[in-house]
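The values are calculated or read from the model by the stated rules, or taken from the named source; none is laboratory data. Just so we're clear, the structure is a prediction, and the values are computed from it rather than from any experiment. Note that we place each Cβ from the backbone using ideal geometry, even for glycine, and neighbour counts take in every protein chain shown. Keep in mind that these areas ignore ligands, DNA and RNA; they rest on the heavy atoms of the full protein, side chains included. Shrake-Rupley method; radii C 1.70, N 1.55, O 1.52, S 1.80 Å.
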Number of protein chains: 2
Amino acid sequence: MIIDIHGHYTTEPAALFAFRDKQLAGLADPARRPTTTDLGLSDDMLIQSVQRQLAFQKERGSDLTIFSPRASGMAHHVGTVAVSEEWTKLSNDLISRICHLLPTNFAPVGQLPQSPGVSPKNCLAELERLVGLGFVGVNLNPDPSGGYWTDPPLTDTYWYPLYEAMVAHNMPAMIHVTSSCNPNFHATGAHYINADTTAFMQLLQGDLFKDFPELKFVIPHGGGAVPFHWGRYRGLGMMMKKPPLAEHLLKNVFFDTCVYHYPGIRLMTEVVPVDNILFASEMIGAVQGVDPETGHYFDDTKRYIDQVATLDEESRYKIFEGNARHVYPRLAAWIEMSKENAA
Amino acid sequence: MIIDIHGHYTTEPAALFAFRDKQLAGLADPARRPTTTDLGLSDDMLIQSVQRQLAFQKERGSDLTIFSPRASGMAHHVGTVAVSEEWTKLSNDLISRICHLLPTNFAPVGQLPQSPGVSPKNCLAELERLVGLGFVGVNLNPDPSGGYWTDPPLTDTYWYPLYEAMVAHNMPAMIHVTSSCNPNFHATGAHYINADTTAFMQLLQGDLFKDFPELKFVIPHGGGAVPFHWGRYRGLGMMMKKPPLAEHLLKNVFFDTCVYHYPGIRLMTEVVPVDNILFASEMIGAVQGVDPETGHYFDDTKRYIDQVATLDEESRYKIFEGNARHVYPRLAAWIEMSKENAA
């Protein structure tokens, strides 16, 4: 089984964007607020909306995508706490419906109703609701300000109530920022990658996993700059008198394979322990297009992994399936459910 | 000749720190301001202060280090415009003295008197002064706020007066942030690397080099996350309808080799054209210590380059000397002067 742990719903129907426009227009003029959260989307319309993802799964040879709302769409920095909550619930409900309609193809991960400067306690009710809906994890935004980084680091006790709930429910988080309102940071070319690097360094500096030995984070986009600078991070850890990375972090921190060329993927497999690498493509995501150097889609990351000759069968199983089952413990129940439904 | 293009003066005498303490204390209590900028440092004391660098040059086999003030020491976000100007002048003067005392070992690069929200026009006088002192380049901080990124991107016309002066004087800039006052960003583990990635993406998004075809930037620390995500950047460039990287950026943007493990350096040489890679170690810098996996210093980057079997003699010449002479056109005169002095 090939599990792609990083897919966002980036082919949303126009009705969702129309709702969002009205919702945000309503901040300026309450008369423009949407009058209902019923988008009028039938099950057929939702299934139609993910046909490209299904076709890519088939073409590229993956089975199950861990599926969450569009990352740049979360936009926690926009609007009020109430807006964030309404938008989050609506976005998660669409993910829930799609995944329950196509449970062998998609397993749900939710966004959280974060807002800059607002305690993550605010997210607990939605987390509980997601658990009830069968979600297998959440996306946690380490910078709800959208590029100004005004909230505390991930190692701050500020975040602990959320971590307690995550651990209690066996819910891991992918650390994923949303769009940037800082003109210095292109979203997918700078802000995403910087956030990955930043999160790893925060975790290296701190001792969070002493307090939460069961907490699990996935750092997407191959861990930002981290594998490329693996020597730097090993050296900085030593200078800070931390235990080796394997002991200090790597029972809790995992990387996906959203790195869009073969040399990058090969580097990852050379420096990052195979237990910490989870297959992902972020399909259909940030980089859409065919690499003229290979004639294949940039984000067809399975091809790159297939080319790494040094990976044995056990390593491939871990990257494509085993590690995902380990990091997302609730995935087993989802897969079981999907099989029973199919039977 | 082996030229290391990235060294900072990180072994400063205590007198410099004492001055800085007084200078910043003077913001709160003018009575504490230093009464003189004469630090009482003799030529012998300066030469003594760089003995470790000289020893490392000898041990590791480099000849000339392009030498600038401690990057984290610039701290443009601290104090006033006048403080930044005084501190910059003092810091650059020390570099000038050391490089003129040991011209075969060090060539000078200066910091700029930047301040958050203050036009880079403010830097022109110091740039002219550095030119007069024989400096071969400057360090340009893309985020004078120290981690909040409140100034405009590097492609904004805000920076143009500085670029005009740089081009007029054949002065390239290394894009290098300073310390971070944002608790989210560890300086050397997150802020530096993020700034490298951010600067590259800004340049990819913009068309700066249409306006300044002669402008040259070095992105340090191997370009942050960029080579690891080379496919992502090629793909994003295509999505933004930019010309290929080689045409759009690579006549103007160069990367150093401050990547502290062999797999990272090998990746760079595989994806980045050899004309764009400049040898550097940032010695004595961010990562001090011996890698237990190799038994050698993390920042002995020459070893990693030596290990890349695919580099032919011409490529090695470019990385170790030729590209530095190309990017720093004023270096030729410095080297000539140092030979004449030695003769």
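Numerical summary
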{"item": "Estimated dipole of chain A in Debye, rounded to 20 [Cβ of Lys and Arg +1, of Asp and Glu -1, Cα centre]", "result": "360"}
{"item": "Residues of the protein assembly as shown: accessible area per residue with a 1.4 Å probe, Å²", "result": "35"}
{"item": "Shielding score for B:153-165, defined as the mean number of other chain Cβ atoms within 10 Å", "result": "1"}
{"item": "Separation of the A:Met45 and A:Phe17 label points, Cα + 7 Å toward Cβ, nm", "result": "1.5"}
{"item": "B:Asp256 long-range amide H proximity, modeled H, under 5 Å", "result": "B:Ile219, B:His221, B:Gly222, B:Gly223, B:Leu278"}
{"item": "Percent RCO, i.e. relative contact order, over region A:1-114, from Cα pairs under 8 Å lying at least 6 residues apart", "result": "34"}
{"item": "Relative contact order (percent, whole number), chain A, Cα cutoff 8 Å, 6+ residue spacing", "result": "18"}
{"item": "Cβ neighbours within 10 Å from other chains - mean over B:287-298", "result": "3"}
{"item": "Where B meets A: accessible area buried, both sides, 1.4 Å probe, Å²", "result": "4700"}
{"item": "Rel. contact order, % - alpha carbon contacts under 8 angstrom, at least six apart, region B:92-194", "result": "25"}
{"item": "Rounded percent of accessible protein surface that carbon and sulfur make up, region B:171-315, 1.4 Å probe", "result": "52"}
{"item": "Residues whose placed amide H lies under 5 Å from that of B:Ala107, excluding near-sequence neighbours", "result": "B:Thr65, B:Ile66, B:Phe67"}
{"item": "Peptides A:156-168, B:28-40, B:316-328 ordered by average Cβ neighbours within 10 Å, highest first", "result": "B:316-328, A:156-168, B:28-40"}
{"item": "Separation in nanometres of the label points that stand 7 Å from Cα toward Cβ, at A:Ser119 and B:Tyr317", "result": "6.7"}
{"item": "Order of exposure, largest accessible area first, which applies to B:Cys99, B:Cys181 with probe 1.4 Å", "result": "B:Cys181, B:Cys99"}
{"item": "Prolate/oblate/rounded call for the protein assembly as shown, Cα gyration tensor, a/c under 1.5 rounded", "result": "prolate"}
{"item": "Which listed pairs, of B:Lys216/B:Lys302; A:Lys89/A:Lys241; B:Lys242/B:Lys302; A:Lys22/B:Lys242; B:Lys121/B:Lys242, have C-alpha distances above 32 Å, in listed order", "result": "A:Lys89/A:Lys241; B:Lys242/B:Lys302; A:Lys22/B:Lys242"}
{"item": "Amide H contacts of B:Tyr297 (H built 1.01 Å from N, under 5 Å, at least 5 apart or other chain)", "result": "B:Asp291"}
{"item": "Calculated from backbone phi, Karplus (6.51, -1.76, 1.60) coupling profile of region B:289-301 in Hz, x at Gly/Pro", "result": "x, 9, 6, x, 6, 10, x, 10, 4, 3, 8, 7, 6"}
